[in-house]
Amino acid sequence: MLVRIVGLGPGDPELLTFGSVDALRSIGRAVALLAPPELVKSLQAQGITIERGLIEDAPLFVRGSAEHIEKFVDAMALRQTRGEGADLGLGVLGNPLSDFPGLPLLLRSLDSRGARTQIVPGMPKSALAAAISMPLVPLPPASAQYTWEDLIEIMARLRASCPWDREQTHRTLVPYLIEETYEVVEAIEHADEAALCEELGDLLLQIVFHSQLGSETGKFTVADVVNALSNKMVRRHPHVFGDAVIEDVDTQWKSWEKLKAQEATGQKRKSRLDGIPKHLGAMQRGQRMQEKASRVGFDWPGARDILDKLHEELTELAEARREKQDDPRIREELGDVFFTLVNLSRAMGIDAETAMREANEKFYKRFTFMEQRAAKDGKSLSDMSLDELEELWQLAKIQAA
């Protein structure tokens, strides 16, 4: 008895490899697991008889249900005993080695019955998702729970059928990636779990979108993204996935930096500070640089020393203004003040960017309160005196805190 397990690729008949077709045609009959109707028709048109009824529940079989795999193997053994044709092609969407979780169990079961097996890999589902104009399997209705595989297919169909999605590139998507990231942050800061769920989905769509673009150029797929991330996390956590011993956060950070430096990307960097995105907010980037510098011991002893430095920088700023220095000098001194404030935030265990966002939000609430109170009195802020504005501001500090 021979069972030849053949990869059917992403599901589009035009993407079925010659090797897969020949492997099935040489046997003459096959089970086409979860294959779309058009792919089944294509196989039949090439002289391959499609067997039905050998597998009761194809999704469970593919996922590795021991019960359904054993029933299939028993049925094959019974056919062999009866002298019926026992050789069979087993067509699996994608690559059996990556897209067929039940493969190991099936191979063991067949081997225990003395059956011979052959595997013809084919292309993985994710590698050619961009070329599919139809889903691998009918998508569930909107009320059902979609899966990761469904999301990948939805993105592929959007690129194939939606005019706006077809026009996008990595570069044109950058503003949306940034915007979605900040919307996630906003949902977190407002403690809005429902919004957080939705915004995380929007951010995930950006990751899937960029991965889809990568697959279309043959550079990488979403599977490569997941694999690279998983490898990185395992590699950088030897105390979790290996036998290394790390007892505290400080030791963990040192280990993390050391392991990063040993990686290919790390070896290309000329400085520890390389790798911090230049497009980060200025305060956030400054804090990240200070954190990296502190891990080699280049840091202030404590917050009191930073406060002394802040007074020094404020004095230099005042001198630059008093001496009517040119704008570049004043801007430089002001930058030093900001940088020192970021250092102070870090020393106090506060994220400077978050503190600034909170301050912005506080000002927004108080100023809009002033506008609304003035409008209620039939006035405009621009028509009020400074004393009146100050009075409104003090009221806003109480009522719009």
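The values are calculated or read from the model by the stated rules, or taken from the named source; none is laboratory data. Note that the coordinates shown come from a computational prediction; the quantities given were computed from them, not determined experimentally. Note: ideal-geometry Cβ built from the backbone for every residue, glycine included; neighbour counts use all protein chains shown. Side chains are part of the model used for accessible areas, which takes the heavy atoms of the whole protein and leaves out ligands, DNA and RNA. Shrake-Rupley method; radii C 1.70, N 1.55, O 1.52, S 1.80 Å.
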In percent, what relative contact order does the range 324-401 have, based on Cα pairs under 8 Å that are 6 or more apart in sequence? 27
Quick calc: nm separation of the 7 Å Cα→Cβ label points for residue 293 and residue 307 -> 2.2
Rounded tilt (10° steps) of 222-235 against the dominant C-alpha axis of the chain: 70
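Would you tally the net charge around residue 67, using a Cβ to Cβ cut-off of less than 15 Å, leaving residue 67 out, and scoring K and R as +1, D and E as -1? Intermediate results must be reported in sequence, preceding the final value.
Numbers: positive: 63, 71, 108; negative: 56, 57, 70, 74.
It works out to a net charge of -1.
Within a Cβ distance under 13 Å of residue 303, other residues only, what is the Lys/Arg minus Asp/Glu net charge?
0
Kindly sort 278, 365 by accessible area of their heavy atoms, largest first, with the probe set to 1.4 Å. Don't skip to the end; give the middle numbers.
Values: 278 165, 365 100 Å².
I get 278, 365, largest accessible area first.
Run the accessible area of the chain with a 1.4 Å probe and give the carbon-and-sulfur part as a rounded percent. Numbers along the way, then the final one.
Values: 13340 of 24200 Å².
Roughly 55 percent of what the probe reaches on the chain is carbon or sulfur.
Among DSSP beta bridges whose residues both lie in the chain, state the antiparallel percentage, nearest 5.
On the way: 1 of 17 bridges.
The antiparallel fraction comes to roughly 5 percent.
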Solvent accessible area, Å² - residue 164, 1.4 Å probe, full protein context: 110
Relative contact order for the range 22-95: what percent, with Cα pairs under 8 Å and sequence separation of 6 or more? 44
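Order these peptides, 9-22, 173-186, by their mean beta-carbon neighbour count within 10 angstrom, highest first. Before the final figure, lay out each step's value.
On the way: 9-22: 18.4, 173-186: 14.5.
Top to bottom by mean Cβ count within 10 Å: 9-22, 173-186.
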With everything on Cα atoms, drop me the angle between helix 327-347 and the longest principal axis of the chain, reported from 0 to 90° to the nearest 10. 60
Put 166, 236, 322 in order of accessible area, largest first, 1.4 Å probe: what do you get? 322, 166, 236
Just to confirm, what accessible area per residue do you get for the chain at 1.4 Å probe, in whole Å²? 60
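Suppose a student asked you for the relative contact order of the chain, using Cα pairs under 8 Å spaced at least 6 residues apart; what percent would you report? Display every interim value, and only then the final one.
Working: 434 pairs, mean separation 47.4, N = 401.
Once normalised by length, the contact order is 12 percent.
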Not counting ligands, DNA or RNA, and with a 1.4 Å probe, what is residue 235's accessible surface area in Å² rounded to the nearest 10? 110
Reported label for calculated P(r) over Cα pairs in 10 Å bins from 0, in percent given [x] 4, 14, 18, 19, 16, 12, 8, 5, 3, 1, 0; [y] 4, 18, 25, 23, 16, 10, 4, 1, 0; [z] 5, 24, 35, 27, 9, 1, 0: [x]
Angle between the Cα long axis of helix 148-161 and the longest principal axis of the chain, 0 to 90 degrees, nearest 10? 80
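Could you sort out which of 258/278; 309/362; 254/292 sit more than 18 Å apart by Cα distance in this structure? List each step's numbers first, then the result.
Values: 258/278 22 Å; 309/362 28 Å; 254/292 10 Å.
Listed pairs above 18 Å: 258/278; 309/362.
Between rounded, prolate and oblate, where does the range 167-253 land on the alpha carbon gyration tensor, with a ≥ b ≥ c its root eigenvalues, rounded for a/c under 1.5, else prolate if a/b exceeds b/c? Present the calculation step by step, with values, prior to reporting the outcome.
Numbers: a/c = 2.90, a/b = 1.30, b/c = 2.22.
Verdict is oblate for the range 167-253.
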